[in-house]
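The values are calculated or read from the model by the stated rules, or taken from the named source; none is laboratory data. No experiment lies behind these values; they were computed from the predicted model shown. Please note: Cβ atoms are built from the backbone with ideal geometry, for glycine as well, and neighbour counts cover all protein chains shown. Only protein heavy atoms, including side chains, enter the accessible area calculation; ligands, DNA and RNA are left aside. Shrake-Rupley method; radii C 1.70, N 1.55, O 1.52, S 1.80 Å.
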Amino acid sequence: MVLMDVGIVILAAMLALIIRFDFNLQSVPKYYIEVVWSVLPVMLLIAVIVFSVFRLYSSLWTYAGATELLYLISACVIDTLLNTVLIIFVYRNNEYPLPRSWYFFYGAMLLALMFIS
């Protein structure tokens, strides 16, 4: 499950960029991709820790109910907020900060992909 979540975080981060630039991978500036790839290891660590805290790895998903759904939504929101703070803090002096819409798209993609998984 952890490996699947790692893949989901990577996919959500890249999909957020692609969605932000109208589903055209060629129009995504290379420096945005470099920013995301450089912060991705820390994003993955944050995701695994947050998902563990919200017990997403210890639930019996066969019998998932409203409580697990609330854990999932809460974990995705907290993960998105922590990653937003991380990226803004780490790249605050960067000439090319990530677009503000990326944070929203990342959170939405993370939640959707986690829900689907």
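Structural remarks
- Residue ranking by accessible heavy-atom surface, 1.4 Å probe, largest first, among GLU68, GLU95, GLU34 comes out as GLU95, GLU34, GLU68.
- Accessible surface computed residue by residue for the chain, with neighbouring protein chains in place and a 1.4 Å probe, gives 60 Å² per residue.
- The length gained on full extension between SER74 and VAL42, counted as 0.36 nm times the residue separation minus their Cα-Cα distance, comes to 9.6 nm.
- Axial C-alpha extent at least 18 Å, average Kyte-Doolittle at least 1.6 - helices from the chain (DSSP): 2-20, 30-53, 66-90
- DSSP loop trypsin sites (Lys or Arg not before Pro) with at most 12 other Cβ within 10 Å: longest gap in the chain: 1-54
- Solvent-accessible area, 1.4 Å probe, carbon plus sulfur percent, for the chain: 70
- Mean separation of Cα contacts under 8 Å, 6 or more apart, over the residue count of the chain: relative contact order %: 41
- Extension gain, THR67-SER101: 0.36 nm per intervening residue step, less the Cα-Cα distance, totals 9.3 nm.
- Cα convex hull of the chain - mean projected area over all directions, nm²: 7.0
- With 10 Å bins beginning at zero, the pair-distance distribution over Cα atoms of the stretch 1-61 amounts to 21, 43, 25, 10, 0 %.
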